[in-house]
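Note sheet for the following structure.
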Amino acid sequence: MDVRRLKYFVQIVESGSLSKASRQLFIVQPALSQQMTRLEEEVGKPLLVRSVRGVVPTENGEALYHHAKFVLRQLEEAVQVARQDYASVHGRVTLGLAPSTSAIVGLPMLRHIKEKYPGILLNVVVGLPIYMEERARQSQVDVAVLFSKTAASEFTVEPLLEEEVFLVVPVDSKLVPPERESLTLAEVAALPLVLASPGHNLRRRLNVEFERANVEPNMMAEIDSLQLMMRYVAEIGGATIQTMAGTRAAGSLDGWRCLSISDARIMRPSYLYALPVQKLSQASAVVRTELRQIVHSLVESGAWRGVRLTPPAPEDVQD
């Protein structure tokens with residue numbers, strides 16, 4: 001899709017009329033109208049309703065407007081980063097991550113920033129999601145990846161990805177027959193489970209699914225440390241329910257079986273948070289952009305499995 005047409009479209013929606021947009025874009029109105037006709041042909045849906053009062057977006061046009069704003073903002077950030085003298089960007093940036101996110105993103109991010117932006121001191125803070133959310137609310141982080149889209153009202157927030165949740169057992173576990181690749185939620189609930197306590201985001205989501213299926217989980221232990229939880233399952237026994245990234249916290253995936261839950265595909269969302277524009281330092285803006293790109297690279301290369309990148313819904317795009 002032509003980026004120029006997207007810019008024209010955004011300006012038309014914000015101006016409310018083709019004539020006003022043509023003056024602001026320094027393009028004659030017939031040519032601008034022709035560009036919009038081509039954009040509608042490319043999309044396959046009408047995007048604007050034209051009347052004597054001006055133009056307003058259709059429902060499809062409204063959706064495209066919000067997505068286009070998001071894409072154009074990302075493109076502008078990428079161009080600004082590309083134009084920067086890497087050595088000239090200095091500052092300390094605190095990045096907040098949950099243990100599962102840190103297990104797969106932390107080291108690639110640290111390595112990337114060290115190599116590309118030697119003037120940035122990246123302070124990675126890892127903690128349970130509930131504590132990371134509290135740190136964000138107190139502005140103790142500059143950038144963070146959190147699992148709730150309402151964790152810190154002062155921050156800008158955008159959807160980042162969704163992770164599928166799996167039943168996880170050691171490869172030599174006898175709890176699940178070796179030929180099985182998936183289990184029902186009822187079968188999962190019947191296994192001896194090792195999970196985080198009920199106050200945690202993922203556990204709350206799991207409890208909702210258990211209640212919906214009218215099953216009671218067979219709890220073996222509750223552990224609020226991801227690494228200890230995975231060690232417990234590996235050395236003492238039982239099963240847990242985790243994302244691929246969470247499983248990576250115990251090291252290589254080679255020692256684990258990750259089985260899908262056939263009748264309840266549970267996805268955990270992640271959101272990219274950053275301080276508001278007026279408080280965001282140049283170094284923090286760089287870290288936010290580079291983090292987004294590192295995540296996309298890990299997912300698209302297959303290094304981060306069981307993940308779906310999420311474009312923003314209109315209500316999720318916050319400046």
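The values are calculated or read from the model by the stated rules, or taken from the named source; none is laboratory data. Since this is a predicted model, take the numbers as computed values, not measurements. Heads up, the Cβs are rebuilt from the backbone with ideal geometry, glycines too, and the neighbour counts pull from every protein chain shown.
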Q. Quick one: would you say ASN214 is more than 23 Å from the chain's Cα centre (by Cα) and either at positive phi or among the hydrophobic types (A, V, I, L, M, F, W, C) (or both)?
A. yes
Q | Test: residue in the range 151-161 that is touching a Pro at 6+ places or on another chain (Cβ under 8 Å), surrounded by 17 or more Cβ atoms within 10 Å (Cβ to Cβ) and charged (D, E, K, R) | A | yes
Q: Report yes if some residue within the range 148-161 is without any contact (Cβ under 8 Å) to a residue 24 or more places away in the chain, closer than 28 Å to LEU95 by Cβ and not assigned by TED's automatic domain parsing to the domain that holds PRO99; otherwise report no.
A: no
Q. Within the bounds of the range 61-77, is there any residue that is outside the structural domain of GLU115 (by TED's automatic domain parsing), at pLDDT below 90, among the polar types (S, T, N, Q) and within 26 Å of PRO159 (Cα to Cα)?
A. yes
Q. Of the residues that sit in the range 237-263 and are modelled with pLDDT of 90 or more and in a loop (DSSP other than H, G, I, E, B), which one is surrounded by the most Cβ atoms within 10 Å (Cβ to Cβ)?
A. THR243
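Looking at this structure, is SER100 part of a helix (DSSP H, G or I), of a type in the set (S, T, N, Q), in contact with a helix residue (DSSP H, G or I) (Cβ under 8 Å, 6 or more places away or on another chain) and surrounded by fewer than 17 Cβ atoms within 10 Å (Cβ to Cβ)?
On the way: part of a helix (DSSP H, G or I): yes; of a type in the set (S, T, N, Q): yes; in contact with a helix residue (DSSP H, G or I) (Cβ under 8 Å, 6 or more places away or on another chain): yes; surrounded by fewer than 17 Cβ atoms within 10 Å (Cβ to Cβ): no.
Considered against the rule, which asks whether it is part of a helix (DSSP H, G or I), of a type in the set (S, T, N, Q), in contact with a helix residue (DSSP H, G or I) (Cβ under 8 Å, 6 or more places away or on another chain) and surrounded by fewer than 17 Cβ atoms within 10 Å (Cβ to Cβ), SER100 comes out as no.
From the list LEU95, LEU110, pick out the single residue that is under 17 Å from the mean Cα position of the chain (by Cα), at pLDDT 95 or above and either farther than 26 Å from ARG305 by Cβ or not assigned by TED's automatic domain parsing to the domain that holds ARG205 (or both).
Numbers: LEU110 fails: under 17 Å from the mean Cα position of the chain (by Cα).
Going through LEU95, LEU110 in turn, just one is under 17 Å from the mean Cα position of the chain (by Cα), at pLDDT 95 or above and either farther than 26 Å from ARG305 by Cβ or not assigned by TED's automatic domain parsing to the domain that holds ARG205 (or both): LEU95.
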Q.
Restricting to the range 276-291, count the residues that are modelled with pLDDT under 90 and closer than 16 Å to GLY106 by Cα.
A. 0
Q. Here is a list of conditions, (1) in contact (Cβ under 8 Å) with a residue 60 or more places away in the chain; (2) under 20 Å from VAL299 (Cβ atoms), and TYR117 meets all of them except one; can you say which number that is?
A. (2)
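Select, from SER270, SER260, the only residue that is closer than 29 Å to GLN138 by Cβ and among the polar types (S, T, N, Q).
On the way: SER260 fails: closer than 29 Å to GLN138 by Cβ.
Of SER270, SER260, the one residue that is closer than 29 Å to GLN138 by Cβ and among the polar types (S, T, N, Q) is SER270.
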(Q) Taking the condition of being surrounded by 12 or more Cβ atoms within 10 Å (Cβ to Cβ), under 29 Å from the mean Cα position of the chain (by Cα) and of a type in the set (A, V, I, L, M, F, W, C), how many residues in the range 2-56 meet it? (A) 7
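Select, from LEU206, LEU272, LEU202, the only residue that is touching a Lys or Arg at 6+ places or on another chain (Cβ under 7 Å) and within 21 Å of LEU183 (Cα to Cα). Walk me through it before giving the result.
Values: LEU206 fails: touching a Lys or Arg at 6+ places or on another chain (Cβ under 7 Å); LEU272 fails: within 21 Å of LEU183 (Cα to Cα).
Result of the check over LEU206, LEU272, LEU202: LEU202.
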Q: Please state which one of ILE113, ILE104, ILE120 is β-branched (Val, Ile, Thr) and in contact with a His (Cβ under 9 Å, 6 or more places away or on another chain).
A: ILE120
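Criterion first (farther than 25 Å from THR94 by Cα, charged (D, E, K, R) and either in contact with a Ser or Thr (Cβ under 9 Å, 6 or more places away or on another chain) or surrounded by fewer than 21 Cβ atoms within 10 Å (Cβ to Cβ) (or both)) does GLU187 satisfy it?
Values: farther than 25 Å from THR94 by Cα: yes; charged (D, E, K, R): yes; either in contact with a Ser or Thr (Cβ under 9 Å, 6 or more places away or on another chain) or surrounded by fewer than 21 Cβ atoms within 10 Å (Cβ to Cβ) (or both): yes.
Criteria met by GLU187.
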(Q) Among the residues that make up the range 186-201, is at least one of them closer than 25 Å to HIS296 by Cα, assigned to a helix (DSSP H, G or I) and not β-branched (Val, Ile, Thr)? (A) yes
